[in-house]
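Written out below as structure tokens is the structure these notes cover.
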Amino acid sequence: MAASSSSAATTTNVMLAIFEKKTSAVDLYRPLRNYVACTYSERDAVNLEDDLQTVKQLRSDVERVLNPSPSARRDLFQSYFRALCLIETRFPISSERDDVNTLTFVWHDAFKQKQKASQQNIHLEKAAVLFCLGAVYSQIGLSFDRATVEGRRQASHAFIAAAGAFAYLRDNASAKAAAGGSSTVDIGVECAGMLERLMLAQAQECVFENTIAKGSTPGVCAKISRQVGIYYEEALAALNAAPLKDHFERAWISHVQLKAALFYAEACYRYGLELHEKEEIAEEIARLKSGISVLTDAKKSSKGAPAQLLDAITKLEANLNHNLERAEKENDRVYLMRVPSPSTLPPLPAFSMVKPMAMNEVLDASKEKMFACLVPDNSAKALSRYTEMVDDVIRTQAERLQQGSELTRVRLKEMDLPDSILALEGNTTVPADLKEEVEAVQISGGPAGLEAELQQLRDLRRVNQELLVQTEELLQKEASEDAQFRGQFGTRWTRPQSSTLTKNLQDRLNRFAANLKQAAESDARIERSVRDHFPFMSILDRRPIESALPTLAKPIMSLDATEDAIVGALKQSLRQLETVGAQRAGLEDMLKEMKRKDDILPKLMTSTGSHEDLFRKEISKYDHICEEIARNIEAQEQLLFQIQAQNDEFSAIFNLEDYKASREKCFKQILAAIAKYLEIKDNINEGLKFYVTLQDAITNVKQQCSDFVMTRNIQCREMIEEVQRNMAGLSFQDRKNSAPYDNYPAVGHPHQTQRASTPPQTDPQNPPVPHPQASYYRPPEQPTIPGYTNAPPPYGAPQQSHPYHATPAPAAPYPPQQAQQQPPASHDYGQPAYPGWRGPYYNAHGQQQQQPGSLPRPPYTIPSPYNYPPNQSGYYKQ
């Protein structure tokens, strides 16, 4: 029922402890395992074997007191309660078909053990375990030696823990157990509340005894004593009300009633001592009479009370009477004060030194690993909802932070800060995109490097001119030699004249000469443009480009010399704004870190209340950082207003508007210089491409001319031999199978060789005289140049293997010339001066557009065009 203990050190050291509830044996292992195997899988049941065995062992230890030590029992009940919290969220225990319906928990009343309750739910089990935990804590408190200061301190802590366990039972389990069906009075809300008050009274009593032992003032002792009495009075009120009125033995009620009276009278006694020191004799007399009256009434119902408690009441009553007699004598002789009625006195002051221990942390099962792999669908959905709530908070606050940062950036840009401050210090800045363009120009050589590229144009033009002259000299030399032999041999020199065969080549060379002339004119325009605009573009050669910008300086004349103070205040505000921005970045990182660590699944799996209540509690963790963000945004707004005012003053003194105008003018000058530089650079690059292309075309024609001259020289030698034989009287009949020389197709045109349909006739009387066959020249195949494959030859028609070979005919020695195949009109050897140029520079003939990438390898290293495609038109822009 209840246990009491006393100590020889004090007559009031009589306290109560609670016995544990009794229960019937129940097997948790088999029903829980079957549920896992059916609802989840046999594999999950095997994986949870250790957890199921642990729960089975905990329930067995609760049923049988193997270790009677209160501390061991305390640890057992705490562990088992945490396991029950994990079971509750994963195993629905009820009489329903799909639930764990083979478990029935049975518990007896701790104060009337004949009464018992049985339920097919876990709420009765949890309430009973909490009751047993509070009972064990009360036993631990009673086990300490309360004759010593340390013993009383430890006992007080144990009673505080017991009060916490009974308070947790009242607030979290009693109502659910009562709603689950049959229940017992001891785990009801009323009994749990009464036991909490009783344990607090005993804890405060231990504090009072230590206060007396330390020799504290009567006023302090009176307040603490009065609070002890209040706690006992609250417990007594619960014991005298239903449903506890007839549930406890008379000894319980007598004990609590006497304790309440004893500590009220003790408070009156201690308070009277303080009043006596203050010479407030009248109130002292009234307080003493009130304490004596309460003790007198309490002794009337003291049946069954411990003798130690009755002795303490008798001793205290004697002390009260002694002090009352002394006070009345002094009042009659000295003070002559009117004694007030006790009913008119204000309540005695009280002060509580104890409160129930919070059991949430002790009984928190969220850190337990038991049954961690089982997550019901409803818990997963609840977790998803909470995650959405957190994401919404994070997203909202992150947007506020980003908006704050963007607002700062825009406002500072509108005020031209901190650029104007940096300009005052000589640290001018150029917009990032403009600076990149200037750096690109400088990397490509800048305006100072244009002269070298112009020289490259001159060199390429000179090389093309020299190639053209060499080619023309080849044809002129061959034509001169042909004319010399024609004049020497007269009509015997029967081969065609050079001018009739080289007409196409001459036309091409003429067009090349015209192109070179127009290219020279274009080059001259480029050089003139470079000379005219070089002073304008020279700003791009300034390194760094910031050195070309205007500077901001102090005013020459100053009336009050406050410039430095204004600048200093503005700098200070900007530094503060920067600090606020850094704090904002830290707050955003803190939000992300909080979200990363926010895992409420363990708490969700152990929570037995409303999910919404848990969510509100957990989401409140973010309230403080949301408040920090709000304060940060507000501080930033105030700083921006302050900076705006300071900047207005700064702008007026330093004439900032004029500085901005000159700076913008400089930026526009730099942009215009870049545009002109790019235009000239593009023209030069197109010129370089043109000369490289033209050089390849002239080289091609030169090779054709060389082939033509070589073939004509071979024919010339053969014809000289032939003419000399004819002059010597030799018969041509012997030579009728030799190749005639009267069919000379123009160079560069295809020649279809005719062959006789019948083999040549020979005269048996005059056999032909053998002579060496003409060694006709076969032009070598043009090698394929990398980067120019699959491009049509820009100059000349396809080469023939034997351009000057004639088939012998049976009749005349010089058959008529075959019709020459003309090349297509669109295939022209004249090349445009520059790709993309559309002016009088080009021939009027249709030009074949060169494809990018089909150019021959240039003889010079040509720099890449500056950020523009090579075939962009409008090269020579004036």
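Observations, loosely collected:
- Filtering the range 526-543 to residues that are surrounded by 15 or more Cβ atoms within 10 Å (Cβ to Cβ) and either part of a helix (DSSP H, G or I) or hydroxyl-bearing (Ser, Thr, Tyr) (or both) leaves Ile526, Glu527, Ser529, Val530, His533, Phe534, Met537, Ile539, Leu540, Asp541.
- Close Cβ contacts (under 6 Å, 6 or more residues apart or on different chains) running from residues in the range 466-479 that are in contact (Cβ under 8 Å) with a residue 12 or more places away in the chain and over 12 Å from Phe512 (Cβ atoms) to residues that are basic (Lys, Arg) and part of a helix (DSSP H, G or I) comprise Glu478/Arg712.
- Taken as a whole, the structure places Ala672 among residues that are surrounded by fewer than 17 Cβ atoms within 10 Å (Cβ to Cβ), touching a residue at least 24 places away in the same chain (Cβ under 8 Å) and of a type in the set (Gly, Ala, Ser).
- Close pairs (8 angstrom Cβ cut-off, 6 or more residues apart or separate chains): more than 17 Å from Gln78 (Cβ to Cβ) in the range 165-180, aliphatic (A, V, I, L, M) and open to solvent by 10 Å² or more (accessible area, probe 1.4 Å) anywhere: Arg170/Val189; Ser174/Val189; Ala175/Val189; Ala178/Val189
- Among residues of the range 183-195 that are more than 23 Å from Thr104 (Cβ to Cβ), those with a beta-carbon under 6 Å from a residue that is of a type outside the set (A, V, I, L, M, F, W, C) and in a helix (DSSP H, G or I) at least six positions away or on a different chain give the pairs Val189/Arg170; Val189/Ser174; Ala192/Arg170; Ala192/Ser174; Gly193/Arg170.
- Test: Ser156 is within 54 Å of the chain's Cα centre (by Cα) and touching a residue at least 24 places away in the same chain (Cβ under 8 Å): yes
- Yes/no for Leu457 being touching a Gly at 6+ places or on another chain (Cβ under 6 Å), touching a residue at least 40 places away in the same chain (Cβ under 8 Å) and not hydroxyl-bearing (Ser, Thr, Tyr): yes
- Residue list for the range 395-411, filter: surrounded by 18 or more Cβ atoms within 10 Å (Cβ to Cβ) and among the hydrophobic types (A, V, I, L, M, F, W, C): Leu401
- Counting the residues of the range 291-315 that are in a helix (DSSP H, G or I) and either surrounded by 20 or more Cβ atoms within 10 Å (Cβ to Cβ) or among the hydrophobic types (A, V, I, L, M, F, W, C) (or both) gives 10.
- Search result, residues across the range 376-394 that are closer than 30 Å to Ala165 by Cβ and open to solvent by 50 Å² or more (accessible area, probe 1.4 Å): Asn378
- Selection within the range 450-471: residues that are open to solvent by 50 Å² or more (accessible area, probe 1.4 Å) and more than 60 Å from the chain's Cα centre (by Cα). The member of this set that is farthest from Glu686 (Cα to Cα) is Gln470.
- Criterion violated by Leu424 - all others in (1) closer than 17 Å to His533 by Cβ; (2) crowded, with 16+ Cβ neighbours inside 10 Å satisfied: (1)
- Yes/no for Gln470 being of a type outside the set (Val, Ile, Thr) and more than 30 Å from Met710 (Cβ to Cβ): no
- Residue satisfying all of: in the range 327-349; assigned to a helix (DSSP H, G or I) and closer than 26 Å to Leu258 by Cβ; most open to solvent (accessible area, probe 1.4 Å) among these: Ser343
- Yes/no for Ala365 being touching a Cys at 6+ places or on another chain (Cβ under 8 Å) and small (Gly, Ala, Ser): yes
- Ile224 falls short of the stated requirement of being farther than 30 Å from Lys278 by Cβ and in contact with a helix residue (DSSP H, G or I) (Cβ under 7 Å, 6 or more places away or on another chain).
- Scanning the range 301-352 for residues that are farther than 20 Å from Gln227 by Cβ and aliphatic (A, V, I, L, M) yields Ala305, Ala307, Leu310, Ala318, Leu324, Ala327, Val334, Leu336, Met337, Val339.
- Residues of the range 101-160 that turn out to be in contact with a Phe, Trp or Tyr (Cβ under 7 Å, 6 or more places away or on another chain) and open to solvent by 40 Å² or more (accessible area, probe 1.4 Å), as a count: 3
- Between Ser352, Ser405, Ser366, the distinction of being at pLDDT 90 or above, out of contact with any strand residue (DSSP E or B) (no Cβ under 9 Å at 6 or more places or on another chain), part of a loop (DSSP other than H, G, I, E, B) and of a type in the set (Ser, Thr, Tyr) belongs to Ser352 only.
- Residue count for the range 249-264, restricted to those that are farther than 13 Å from Phe208 by Cβ, in a helix (DSSP H, G or I) and either among the hydrophobic types (A, V, I, L, M, F, W, C) or open to solvent by 10 Å² or more (accessible area, probe 1.4 Å) (or both): 9
Conditions (1) open to solvent by 50 Å² or more (accessible area, probe 1.4 Å); (2) touching a residue at least 12 places away in the same chain (Cβ under 8 Å); (3) closer than 30 Å to Leu142 by Cβ; (4) not small (Gly, Ala, Ser), marked per residue:
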position	(1), (2), (3), (4)
Lys56	yes, yes, no, yes
Asp61	no, yes, yes, yes
Pro68	yes, no, yes, yes
Arg73	no, yes, yes, yes
Phe81	no, yes, yes, yes
Leu84	no, yes, yes, yes
Arg90	no, yes, no, yes
Ser95	yes, yes, no, no
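- Only one of the numbered conditions (1) open to solvent by less than 30 Å² (accessible area, probe 1.4 Å); (2) among the hydrophobic types (A, V, I, L, M, F, W, C); (3) over 19 Å from Leu295 (Cβ atoms) is violated by Ala201, and that is (3).
The values are calculated or read from the model by the stated rules, or taken from the named source; none is laboratory data. Because the structure is predicted, anything quoted here is derived from the model rather than measured. FYI the Cβ positions are ideal-geometry reconstructions off the backbone, even for glycines, and counts take in every protein chain you see. These area figures cover heavy atoms from the full protein model, side chains too; ligands, DNA and RNA do not enter into them. Shrake-Rupley method; radii C 1.70, N 1.55, O 1.52, S 1.80 Å.
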